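One structure is given below, encoded as structure tokens.
The values are calculated or read from the model by the stated rules, or taken from the named source; none is laboratory data. Because the structure is predicted, anything quoted here is derived from the model rather than measured. Areas reflect the complete protein model, heavy atoms only, side chains present, ligands, DNA and RNA absent. Shrake-Rupley method; radii C 1.70, N 1.55, O 1.52, S 1.80 Å.
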Amino acid sequence: MPCGKTHDIISTILSPAVILLSYHITNNIESTILITFSYLFSSFMFNGDLDIISTPYNRWLFIKFIWIPYRNIFTHRSIFTHGIIIGTVVRLVYLNIIPYFLILCFGDINTIHSFVTNYMNETILILIGLELGSTIHTLSDKVF
């Protein structure tokens, strides 16, 4: 299994390919930027290694404590942390539980619905970038 630095190098080396492929598919610079930045965020801060004390975990600095329950719930390299698609979904659900709970209790549920409806294309592009970064992390764990 590669160490954190190796994961960072792999993600960095593949960044130009992500940029070129994103632009080739979308033919849109704004879409390419969304995919690329979410890919980089996923690669360096939002990947499966948040289930242990790791480089991505430490990059959350003074708010890294939010990942402690996540580390206690999931075992390292389980399908819920390193599974393709499911790992990203689990992290997104985990990270959004408190904001959604607060909106449901004190806000208007239409806020969430209207945000998703108004920004559906952007949301999809961000999800693609997040999953791409996570998938590359998981595949590099299997290859190296």
- line: Any helix of the chain counts here only if DSSP assigns it H throughout, its Cα atoms span 15 Å or more along the axis, and its mean Kyte-Doolittle hydropathy is at least 0.0, and such helices are 4-26, 29-45, 86-106, 120-143
- prompt: Long-range amide H contacts for residue 28: which residues qualify at under 5 Å (H placed 1.01 Å from N, peptide plane, sequence gap of 5 or more or a different chain)?
  reply: none
message: To check my understanding: the extent here is largest minus smallest coordinate of the Cα atoms along each principal axis. What are those three numbers for the chain, in Å, largest first?
response: 47, 42, 27
- prompt: Under a GNM of the chain (C-alpha, springs under 10 Å), which listed residue has the highest mean-square fluctuation: 109, 53, 66?
  reply: 109
message: Could you work out the percent of alpha carbon pairs in segment 57-139 separated by over 17 Å, rounded to a whole number?
response: 59
message: Please report the carbon-and-sulfur percent of the accessible area for the chain; probe 1.4 Å, protein heavy atoms only, DNA, RNA and ligands left out.
response: 75
